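The values are calculated or read from the model by the stated rules, or taken from the named source; none is laboratory data. Here the structure is a predicted model, which means the values were calculated and not measured. Cβ placement follows ideal geometry from the backbone for every residue including glycine, while neighbour counts extend to all protein chains displayed.
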Amino acid sequence: MGHATPLTTPAVLGIVGYSGAGKTTLIESILPYLVVAGLQIATLKHTHHTIPLDIPGKDSWRHKQAGAVMSMLLTTSQLQIIQDVVPQISPENLIPTYCAGMDLVLIEGFTHMACAKIEVWRDGSAKSLRCADDSGLIAIASDTAHDMDELPVLSLNDGAGVAQFILHWLASDDR
């Protein structure tokens with residue numbers, strides 16, 4: 001009888017910064033390069049807003065309205081899970097369950113999570129770096145040169161370059 005390959009815990013990298021800095025745009029620009037490099041990637045985004053995640057009247061919505069605390073919809077190529085989360089589930093608890101077997105989880109937001117981070121910072125921002133004192137900060141992605149002592153400053157407009165930095169980080173012993 002064969003042995004199942006154990007699922008690995010993925011590397012976690014936070015893409016952090018103030019609202020409107022370009023976190024989503026950066027993730028969108030680096031994903032194709034990381035996928036071409038052969039990585040299986042999950043993303044997890046934080047929002048402070050309550051938004052509708054299900055369609056009223058559809059079966060999964062009806063199941064939730066009838067009392068299910070979780071409703072799953074499985075198609076031939078996708079899985080949707082709608083689950084009540086009171087109290088709020090932390091990313092640290094979600095990742096082992098839902099991201100096992102992934103190579104990398106890109107976290108957008110969750111600024112205070114203990115993980116490696118790249119901060120998105122724009123020159124036009126009147127604000128200082130959000131994570132300047134965070135020991136997990138490994139680089140800045142910016143539209144301008146920035147003096148951060150030993151931290152690399154990556155071009156915010158160079159998705160290939162940022163992806164290359166991430167690939168080197170994944171291969172290093174520093175993560």
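Quick notes
- Residue check: TRP61 meets all listed conditions (1) free of Cβ contacts under 8 Å to residues at least 24 places away in the same chain; (2) outside any strand (DSSP E or B); (3) under 18 Å from ILE15 (Cβ atoms) but one, namely (3).
- Within the set SER29, SER135, SER77, the sole residue that is polar (S, T, N, Q), on the phi < 0 side of the Ramachandran plot and either surrounded by 12 or more Cβ atoms within 10 Å (Cβ to Cβ) or part of a helix (DSSP H, G or I) (or both) turns out to be SER29.
- Any chance THR144 is part of a helix (DSSP H, G or I), surrounded by fewer than 15 Cβ atoms within 10 Å (Cβ to Cβ) and not basic (Lys, Arg): no
- Residue count for the range 85-109, restricted to those that are exposed (fewer than 15 other Cβ atoms within 10 Å of the Cβ), at pLDDT 80 or above and not in a helix (DSSP H, G or I): 3.
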